[in-house]
Amino acid sequence: MSFIEISKPRPHVTLITLNRPERMNAMAFDVMVPLRDQLREVSFDNDTRVVVITGAGKGFSSGADHKDDGIVPNIAGLTVPTIARRALKVLDEVILSIRDMHQPVIGAINGAAIGGGLCLASACDIRIASTTAYFRAAGINNGLTSAELGLSYLLPRAIGSSRAFEIMLSGRDVDAAEADRIGLVSRVVEPDALLDACFELCERIIGFSHVGVELTKQLLWASLDAGGLHAHMNHEGHAQLYVRLTTENFEESVRARAAGRKPVFTDHRDYGHKLDSD
């Protein structure tokens, strides 16, 4: 049985499903290693324009598996401290792989997102939740720290520092309605409408320029690391000029608007005539 299922339910959409429902898709290494590998593979699938991540059954991910951690790969001959570091790196790589994907990643949060599951959800570019979803920064409930797998970086940027501090220090549950109110998710829908809501958003994103969508994702994440407004605006400007000057997307949008049709973006500009005239 594969703990990670890959499907293409709509054109140019890849659905990644954590498939260990009997353990609420807990983050054992038998799940996380193939998840990391599949994320990297899908990132270079140029037919995939948007990625959706969800969990099988009633949970998104319940975080650490308290019964069976699975097997950390490539640890023969290592001591416990080194194995621990290797194990943590695998989990870190899952979060970073989502951020580094060329495509936007939508988290379809279908149920519990606890501990590492909240980290996984927070790493997604967009989150849409079902009414049955709930979130918990559970590390502190287990005598550990809730600051794990990038959560103390990602959560304050998603919902603001005061709310993130309160949620991570209290270890309390945040239900779907509160998650919607504080901006942890972009919207909440009924459980049977969750994937369709994600796919509708995918279809809208797919209608735009491939390079425009990819650069927008990269610039949004870069803004969170920007040292200042001036530097980031310069970064944005170069990206905008890059697309404007190397494609005919803008001209196509003008033509399509005038003709009352949808634009067809090719991410291409033919310089042949100009070069010939030179």
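Per-residue packing, averaged as other Cβ atoms within 10 Å, sorts the ranges 31-43, 175-187 into the order 31-43, 175-187, beginning with the highest. Volume of the convex hull of the stretch 128-268 (Cα atoms only), normalised per residue: 147 Å³. Among beta bridges from DSSP that stay inside the chain, the antiparallel ones total about 25%. Place a label point 7 angstrom from the Cα of Glu190 along the Cα-to-Cβ direction, then list the residues of the stretch 130-145 whose backbone nitrogen is under 16 Å away. Under 16 Å, as judged by backbone N against the label point of Glu190, lie 130-133 of the stretch 130-145. Kindly express, to the nearest 10 degrees and within the range 0 to 90, the angle between helix 194-206's C-alpha long axis and the longest C-alpha principal axis of the chain. Relative to the chain, helix 194-206 is tipped by roughly 30 degrees. Of the peptides 104-113, 223-232, the order by per-residue mean of other Cβ atoms within 10 Å, starting with the highest, comes out as 104-113, 223-232. Stretched out straight at 0.36 nm per residue, the stretch from Asp100 to His232 would grow longer than its current Cα-Cα span by 45.6 nm. Extending 7 Å from Cα along the Cβ direction at Asn74 and again at Ser223 yields two label points whose distance is 3.6 nm. Within the chain, how many Lys pairs sit with Cα atoms under 25 Å apart, leaving out pairs fewer than 8 places apart on the same chain? Close lysine pairs found across the chain: 7. When the charge dipole of the stretch 210-277 is built from unit charges on Cβ atoms (+1 for Lys and Arg, -1 for Asp and Glu) and taken about the Cα centre, the candidate among His235, Thr216, Phe250 whose Cα reaches farthest toward its positive end is Phe250. The distance linking the stretch 68-120 with the stretch 138-152 is 14 Å (Cα centroid to Cα centroid, whole angstrom).
Between the helical axis of 229-246 and the longest alpha-carbon principal axis of the chain there is an angle of about 50 degrees.
Working note: Karplus 6.51/-1.76/1.60 with θ = phi - 60° gives the stretch 222-228 the couplings 4, 5, 6, 9, 5, x, x Hz, where Gly and Pro are set to x. Close amide H pairs (under 5 Å, H built 1.01 Å from N) link Arg127 with Gly107, Ser186, residues at least 5 positions away or on another chain.
Values quoted throughout were computed directly from the atomic coordinates according to the rules given, and no laboratory measurement underlies them. This is a predicted model, so every value here is computed, not measured. We place every Cβ from the backbone using ideal geometry, glycine too, and count neighbours over all the protein chains shown.
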